[in-house]
Amino acid sequence: MKTDADLIRAARTDAGAFRELYDRYAVPVYGFHLRRTRDAHAAHDLTAETFAQAWLVRRRFHDRAGGSAGPWLFGIARNLLAQSVRRRRIELAACERLGVLERLDEPRTATEPGHVWLDGLDEALGELTDGERRALELRVVDGLPYDDVAAGLATSPGAARVRVSRGLGRLRQRLIRDEREAV
């Protein structure tokens with residue numbers, strides 16, 4: 001039986017070898033993410049991102065665990081989980097600062113935003129790229145999960161997250177600038 005290290009070396013030219021590594025570790029990596037997120041969808045997304053990242057950096061793998069890729073894969077998983085938590089905090093903070101939503105994961109209620117908040121919003125939205133504007137519409141206005149946002153944009157969930165994050169950041173900067181100018 002080949003070691004994990006053997007499979008990763010073979011995966012440089014043979015995708016089937018990486019598939020075998022995936023088959024060995026998909027369930028444990030999914031369990032790692034599920035225990036920490038307590039969200040099956042997030043755990044599936046993070047597991048997919050873990051293996052996608054492992055595939056992309058497979059040439060940089062160094063066997064430091066006697067042939068086992070476990071520490072390497074779980075290190076990637078841990079880093080992606082930490083990045084995901086940071087992104088989510090940043091996204092929620094930006095939404096709260098913008099007054100768009102109290103929380104993306106709570107049921108949505110219709111509210112009438114104050115007119116001051118709306119001043120300049122159309123112009124600010126016009127400064128976004130089409131991708132950022134559409135990503136914000138799908139995620140913030142329609143309340144879709146990132147998988148659905150990605151499908152609507154014909155991109156990956158990671159790229160959808162980036163578009164939402166960049167769009168929120170640009171909106172926030174514009175609205176902060178407008179607020180300062182109004183003072």
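Ordering 61, 47, 31 by the projection of their Cα atoms onto the charge dipole of the stretch 1-98, which places +1 on the Cβ of Lys and Arg and -1 on the Cβ of Asp and Glu, puts 61 at the extreme positive end. Remark: spin-label model distance residue 40-residue 26 equals 1.6 nm, labels positioned 7 Å along the Cα→Cβ axis.
Under the combined filter of DSSP loop state and at most 14 neighbouring Cβ atoms within 10 Å, the stretch 1-65 retains these trypsin sites (Lys or Arg not before Pro): 2, 12, 38, 64. Using alpha carbon centroids, what distance separates the stretch 130-176 and the stretch 1-67, in Å? Answer, in whole Å: 28. Computed with a 1.4 Å probe over protein heavy atoms only, the accessible surface of the stretch 121-168 comes to 48 Å² per residue.
Computed with every protein chain present, the accessible area of residue 27 is close to 110 Å² [probe 1.4 Å].
The values are calculated or read from the model by the stated rules, or taken from the named source; none is laboratory data. Quick caveat: nothing in here was measured; it's all calculated off a predicted structure. Reconstructed Cβ throughout: ideal geometry from the backbone, glycine too, with neighbour counts over all protein chains shown. SASA here: full protein model, heavy atoms, side chains in, ligands and nucleic acids out. Shrake-Rupley method; radii C 1.70, N 1.55, O 1.52, S 1.80 Å.
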